[in-house]
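The next block holds one structure in the form of structure tokens; read it before the comments.
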Amino acid sequence: MKNKTIVLTRPPPNSEFFRYKYPRLSPGVLISMPYMISLVFAPVFGLIIDKLKYRVVWVCAGLVISSSAFVMMSVTLLNPYIPMTMLGFAYSIVVCTLWPMVAMLIPARQLGTAYGFLQALQNVFLTLLPPVYGYLFDHIGYMWMLVTRECFWFSFATVNRAHRLGSASL
């Protein structure tokens, strides 16, 4: 998905994955499901999140939902419409939470620069990660590619959190 998060960019399952794992289903419909769901539910989640607040909790919930959906697709034979629907909800939650948080953290006079920088950073990851994921998929398989990817991002988040906690105590 294009904007899964600013940094934690994850590629959606591709048509080859769906053709291989679910040969009787239409890959095009499955791949477009998260975007169709987000089209409808992003405004709804935006309204809910604005009313309830707790944006960090919502981001974490969206990331847990998306990670669960990827795991469900990779290690189960569950109907793929269920995890793809989960990805649509997770995408809606994360996008409606994460991008507005930038305006809460950055002074108004620097918002254009901040959004431009974040978009550029996201595009760096969207450019560099698919070939890495493709290499892993070809050499270790889809399930282990997902495990490797999730372990990497978990390690990245853990190191980042440890660094922030360490600098907070200075």
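The values are calculated or read from the model by the stated rules, or taken from the named source; none is laboratory data. Please read these numbers as outputs of a predicted model, since none were measured by experiment. When we count neighbours, we look across all protein chains shown, and the Cβ atoms used for this are built from the backbone with ideal geometry, even at glycine.
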Return a yes/no flag: does region 160-170 have any residue that is surrounded by fewer than 15 Cβ atoms within 10 Å (Cβ to Cβ) and of a type in the set (Lys, Arg).
-> yes
Can you spot a residue in region 81-93 that is surrounded by 14 or more Cβ atoms within 10 Å (Cβ to Cβ), of a type in the set (Val, Ile, Thr) and in contact with a Ser or Thr (Cβ under 7 Å, 6 or more places away or on another chain)?
-> no
Counting only residues that are basic (Lys, Arg) and either touching a Leu at 6+ places or on another chain (Cβ under 8 Å) or surrounded by 15 or more Cβ atoms within 10 Å (Cβ to Cβ) (or both), how many does region 48-80 have?
-> 1
In region 1-37, how many are at pLDDT below 90 and either basic (Lys, Arg) or part of a helix (DSSP H, G or I) (or both)?
-> 20
Selection from region 103-122 of residues that are of a type outside the set (A, V, I, L, M, F, W, C) and either over 21 Å from SER67 (Cα atoms) or in contact with a helix residue (DSSP H, G or I) (Cβ under 8 Å, 6 or more places away or on another chain) (or both) | PRO107, ARG109, GLN110, GLY112, THR113, TYR115, GLY116, GLN119
From VAL40, VAL57, which residue is part of a helix (DSSP H, G or I), of a type outside the set (S, T, N, Q) and over 17 Å from the mean Cα position of the chain (by Cα)?
-> VAL40
Within region 73-114, count every residue that is within 26 Å of PRO43 (Cβ to Cβ) and assigned to a helix (DSSP H, G or I).
-> 29
Taking TYR133 and the conditions (1) among the aromatic types (Phe, Trp, Tyr); (2) farther than 22 Å from MET33 by Cα; (3) at pLDDT below 85, which numbered condition does it fall short on, given that it satisfies the others?
-> (2)
Quick check: anything in region 115-123 at pLDDT 80 or above, surrounded by 11 or more Cβ atoms within 10 Å (Cβ to Cβ), touching a Pro at 6+ places or on another chain (Cβ under 9 Å) and polar (S, T, N, Q)?
-> no
Please identify the pairs in which a residue from region 152-170 that is closer than 25 Å to SER67 by Cα has its Cβ atom under 9 Å from the Cβ atom of a residue that is among the small types (Gly, Ala, Ser) and at pLDDT 70 or above, counting only partners at least 6 apart or on another chain.
-> TRP153/SER67
